[in-house]
Amino acid sequence: MKEKEITILAIESSCDETAAAVVRGGREILSNVISSQIELHKLYGGVVPEIASRKHIEKINQVIEEALKEAGVTLDEIDAIGVTYGPGLVGALLVGVAEAKAIAYAKGLPLVGVHHIEGHISANYIENKDLEPPFVCLVVSGGHTHLVRVKDYGTYEIIGRTRDDAAGEAFDKVARAIGLGYPGGPKIDKLSKEGNPEAIVFPKAHMSDSPYDFSFSGVKSAVLNYINGCQMKGESYSQADIAASFQKAVTDVLVENAMKAVDEFGLKKFAIAGGVASNSALRAAMQEACDKKGVKFYHPSPIYCTDNAAMIGVAAYYEYLAGTRHGWDLNAVPNLKLGER
């Protein structure tokens, strides 16, 4: 069979979204079905692992059936099953892995386990048909902030990572502190448009021993201290100004470190991925920085930034071509490191 005709059914259930997709030839998305739990988790101010796992069990068969129907294919036309097996919430991962193994076993299909972060990076291939490694990619999400050198399909080198809070985690905590609720990223992005990003100077952490690493706990604490200070003095404060100033502090560090990496490795292609990659201020700042350096800037549409199965299908395709096959002992690995097999 020709590589461009290989069709993969992909399953993703690592956090608060149950998703399935059918991907052909690595870059053609025949379907991408997502069942989000965000409205449910809003009641608790964040993801509750036990509730997430139960909801995945409820929805997994439905999203797979819908993905196959939307793609106009049956399981008999699928060449392999791709599934996220880490990192993520262990209960959520187990639901997806068990489902994928069951289908692969019943239909005699190859099983391909996919790293969740590799999936996010691979989301850039969906709409950018010209993008091929090598390039530098910034992965920014609720649980991860990685600066990655993509050497080849499936070959990654982490050159920078967060020392504490991930960028998305910091967004969620700051949003909660100023009364916006969950999920924090989109709410801060929206409110920031009404604020002055220069109103408050929040700290930007730089690691002297590792120029590409990040730290966001300091800026988060600075926001909390600023709010507490205002309250103790009986002074009012602007939610919009705090949101805009905080967002600028985080964005500036992300851009500075990313451009440093682009310069050092001499690459003319740069990409972003992950939930925070849909942030409008981050996209605009990265676009401006890349334009100044003559670097081509790649980014997925917002639907492919959040957790989805299409990106897992793309990553599974390249893993499949590389000969990756997993046995029935494939298990969830909640702390799976990027590049581990």
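Counting only helices (runs of 4 or more DSSP H) that fall entirely inside the stretch 264-341 and contain at least 2 residues that are free of Cβ contacts under 8 Å to residues at least 40 places away in the same chain and open to solvent by 20 Å² or more (accessible area, probe 1.4 Å), the qualifying elements are 280-293. Residues that are of a type outside the set (Asp, Glu) and closer than 19 Å to ILE60 by Cα within the stretch 305-323 comprise THR306, ASN308, ALA309, ALA310, MET311, ILE312, GLY313, ALA316, listed in sequence order.
Taking first residues from the stretch 99-117 that are under 26 Å from VAL140 (Cβ atoms) and partners that are of a type outside the set (D, E, K, R) and assigned to a helix (DSSP H, G or I), the Cβ contacts under 8 Å between residues at least 6 apart in sequence or on separate chains come to VAL112/ALA316; VAL112/TYR320; GLY113/VAL97; VAL114/ILE312; VAL114/ALA315; VAL114/ALA316; HIS115/ALA315; HIS116/ILE312. The set of residues from the stretch 140-189 being within 27 Å of SER208 (Cα to Cα), surrounded by 21 or more Cβ atoms within 10 Å (Cβ to Cβ) and of a type in the set (A, V, I, L, M, F, W, C) comprises VAL140, LEU147, VAL148, VAL150, ALA166, ALA167, ALA170, PHE171, VAL174.
With respect to the stated conditions, VAL114 is surrounded by 24 or more Cβ atoms within 10 Å (Cβ to Cβ) and within 17 Å of the chain's Cα centre (by Cα). Restricted to the stretch 160-177, and to residues that are part of a helix (DSSP H, G or I) and among the small types (Gly, Ala, Ser), which residue is farthest from the chain's Cα centre (by Cα)? Among them, the one singled out is ALA177. GLU235 meets the conditions (1) surrounded by 19 or more Cβ atoms within 10 Å (Cβ to Cβ); (2) farther than 23 Å from VAL140 by Cα in every case but one. The failed one is (1).
The values are calculated or read from the model by the stated rules, or taken from the named source; none is laboratory data. Please read these numbers as outputs of a predicted model, since none were measured by experiment. Don't worry about glycine lacking a Cβ; one is built from the backbone with ideal geometry, like all the others, and counts go over all protein chains shown. Ligands, DNA and RNA are excluded from the accessible area calculation, which covers all protein heavy atoms including side chains. Shrake-Rupley method; radii C 1.70, N 1.55, O 1.52, S 1.80 Å.
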